[in-house]
Amino acid sequence: MGLFSWRSFFTVSAEVKKWEHYELSEKPDPNEMIADGRLKEANYEENSIGTIYDDPPCMRERDWEINSAKMPYLSHIKNLQTAWPHLRHLKQWMEVTTAPDKWQLLESLPEERLRQIRKERATRTNVAAFDFVPDEPAPKEQAIKTRDELESHLDTPIAKDATRLYVVEDLSRDVIELLGFKLDIDPLFFREHINDFLWYNTRDPWVELPDLDIVSRSRPYFRLTYMQPRYFQDEDSFKKASRQAGLFNVLRRLDVDSEHKSRFDNEQATVALVRSKVSMWIREATDDQPAIGVLLIDPSIKEGNPLWNGYRPFKNSPTPSDKTPFEAAPKTTLFENLLFWIRHTSQEDVNAIQKNPKAMAFRALQIICAEWLTLSRYITARLGQIEWEIERPDFRIEKNDGNDTVNFNTSLQKLHTWRRRLPLYRDMVSETRTKLFPDDGPGTGPTDCIGELHKDFKIVAGHINDLLSRTERIAAVATAVTAIEESRRAIEQNKALGRLTYLAVIFAPLSFVSSFFSMSENVAELSQTIWIYFCVAVPISALAFLLVDKNWTDNMMGVYRKTSAAKEKVKHHHHEKK
C-alpha cells in the first residue's frame with residue numbers, strides 16, 4: 001500500500017500543456033478517455049462518485065449496481081466493505097468494470113452502446129497458464145481467451161510436484177470473480193492493482209492507506225510499481241497512445257515529459273513515462289495441494305516505441321562457434337514478451353520454483369529491473385543536458401526579438417522536476433527490494449535466480465541515489481551561476497545609473513545658475529551680463545563633476561598621497577645627511 005498516489009504525477013506544473021488537453025479538441029469516444037482531473041474543461045468532475053466521507057451508497061452507485069447473486073466473490077466483497085472500507089472501491093470497480101470515476105464519461109452514451117461496453121470490459125480475458133514440472137525442459141503452456149476456458153482450467157487438476165502460474169493481462173470482473181473465488185485470494189490483492197495513484201487529496205474515495213508491517217508481512221502477495229519510458233514521434237502518436245490507455249480496465253496514465261527539450265531532440269517528438277504495476281500472489285504447496293501463482297501485468301500501449309527500442313535480451317549473444325538455434329523476443333506487447341521469456345526458463349530456474357515460488361516471477365522481475373535501468377539512463381541524459389545549459393551559453397541562450405537573453409529559469413524548472421520525481425523513484429525501488437529481499441544482508445537471501453537479481457536491484461537503487469545527489473549538486477551550481485548572472489546584471493544597471501548621475505551633475509548647476517539669474521524682471525538688462533552666466537556656470541559644473549566623479553577623486557587622492565610620500569622621503573633623506 002503506497003503512501004502516495006499517482007494523481008497528476010509529473011503534471012502538476014508547466015507540463016500541463018496542449019497534449020494533456022487533447023481530449024478537448026478532438027472529442028474522442030468516452031470509452032477511450034482516461035478518468036483524470038485534467039479533463040476539467042470537458043465537464044469532468046472530480047470526485048463525481050462522492051468523497052471518502054460520504055456514507056454508502058455513493059451518488060451514482062445505484063446507476064451502475066448489478067445483481068451479484070451469481071457472483072460469490074463480489075458478494076463476499078460487498079459483505080466486507082463495512083468492516084474494510086477500502087474494499088468498497090474494488091466493489092465499485094467490478095460493477096462499473098473499470099475505474100468508477102469514469103462512469104460520468106460512459107453514462108452519456110446510448111443505453112445499448114453502454115451495455116455492450118460494460119459487457120466487453122466485464123468479460124475481457126487474456127490469460128496464459130504455465131505448469132512448471134521439475135526435471136522437464138520447458139513449462140507446459142495453455143492460452144486462455146474466454147471466461148469459460150478460465151473456469152475450466154481452474155478446475156483442471158495439477159500434475160504431481162508441478163507448480164502452476166497464471167499470467168493475467170489487464171483485469172476484468174469475470175477474471176477477478178473466478179480467480180478470487182476458485183483460488184481463495186484476498187480481495188486486497190486485486191484492490192492494490194487496479195489504480196495508479198501515488199498521492200491523494202483529502203477527499204479521494206480511492207485512497208490506499210499503508211498497513212502496519214505486522215499486518216502485511218505475512219500476506220502471500222506483493223505489488224511492485226515501476227515506470228516504462230516510451231518514445232512518440234509526434235503529438236498525434238501521443239494522442240493515439242493515450243486513447244489506447246483509456247481502453248484499459250485498470251487505470252494507467254502516461255505522463256508526458258514535454259518540458260525536457262534540448263537542441264538534440266526532434267521538435268515534434270516526446271518521451272512519456274507510463275505508470276506500471278506487477279502484482280504476484282502465491283499459494284505455497286502443502287501436503288494436499290500444489291503451489292499456484294497468479295501474476296498480474298499491465299496491458300500494453302502499442303503506439304510509439306519503447307525508449308531506445310527497449311531493453312536488451314536477457315541472455316548473451318552467441319559466439320560464432322555456438323550453433324544453438326535462437327529466436328528474437330517479440331516486442332509487440334509486454335504480455336507476449338513476458339510469455340517468450342517464461343518459455344525459455346532454464347531447467348535450473350524451474351527446479352528452483354519448488355523451493356522458492358517467487359521464482360515464478362523471475363522473468364517479470366527481470367523486465368522491471370531492465371525498465372529501471374533504461375529510465376536511469378534517460379534521466380542521466382536529461383541531467384547532462386541541463387548541465388550543458390548551465391555551463392555553455394550557446395545551450396541556454398534563447399532568441400527574444402533579436403536579443404540574446406540568458407534564461408536560467410527553464411533549466412532550473414527542468415531540474416526541479418527531477419528533484420521531485422527521483423525521491424518517488426527511490427521509494428518504488430526501495431519497496432521492491434524490501435518485498436523481494438526482506439532479509440537484506442550478506443548470505444541471508446536465497447541463492448536461486450531471485451537471489452541473483454538482488455545485485456541488479458541494488459545497482460538500480462545506487463543509480464537512483466546517485467542521480468538524486470547529482471540533482472542537488474546541479475541545483476547548487478545553478479543557484480550560484482544565477483547569483484553571478486544577477487550580480488553582473490546589477491553592475492550593468494549601476495553603470496547605467498551612474499551615467500544618469502553624471503548628466504544630473506552637469507545640468508543641475510546649470511539649472512541653478514540660470515534660475516538664479518532669471519530672477520531679474522528686466523531681461524534686456526542681461527544682455528550686458530550674459531557672459532557672467534558662463535563664467536559662473538561652467539566652473540561650478542566642472543567643480544561639481546570633479547567632486548562627484550569617484551575615479552577623478554580617487555586619482556587626485558592618489559596623487560596627493562604619492563606627493564606627500566615623496567616629500568617625506570626627501571625630508572627623511574635630508575635629515576640623514578645632517
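Here, each number is a calculation from the coordinates, and none is a lab measurement. This one's a predicted model, so the numbers in the text were calculated from it and none came from an experiment. Positions of Cβ are backbone-derived with ideal geometry, glycine not excepted, and every protein chain shown enters the neighbour counts.
Just so you know, the Rg over Rh for region 187-282 is 1.08, from Cα atoms, with Rh as the Kirkwood radius.
Loop-located trypsin sites (Lys or Arg not before Pro) in region 304-383 (DSSP state not H, G, I, E or B) with no more than 11 neighbouring Cβ atoms inside 10 Å: LYS315, LYS323.
Label separation (LEU109 vs THR324): 4.8 nm, computed from points 7 Å beyond Cα along the C-beta direction. For trypsin sites (Lys or Arg not before Pro), the sites in region 116-145 that DSSP calls loop and that have at most 15 other Cβ atoms within 10 Å are LYS145. Residues whose amide H falls under 5 Å from that of ASP257, counting only those 5 or more places apart or on a different chain, are VAL271, ALA272, LEU273, with hydrogens built in the peptide plane. If one computes the Cα centroid of region 342-374 and of region 262-282, what distance in Å separates the two points? Taking the Cα centre of each part, region 342-374 and region 262-282 sit 23 Å apart. Computing FRET efficiency as 1/(1 + (r/R0)^6) for ARG489 and SER511, where r is the C-beta to C-beta distance and R0 is 41 Å, gives about 0.80.
When +1 charges are put on Lys and Arg Cβ atoms and -1 charges on Asp and Glu Cβ atoms, the dipole computed for region 61-113 relative to its Cα centre reaches about 300 debye.
In loop segments of region 456-494 as defined by DSSP, there are no GluC sites (Glu not before Pro) with at most 12 further C-beta atoms inside 10 Å of their C-beta.
For region 116-219, the alpha-carbon coordinates run over 52, 43, 22 Å along the three principal axes, in decreasing order.
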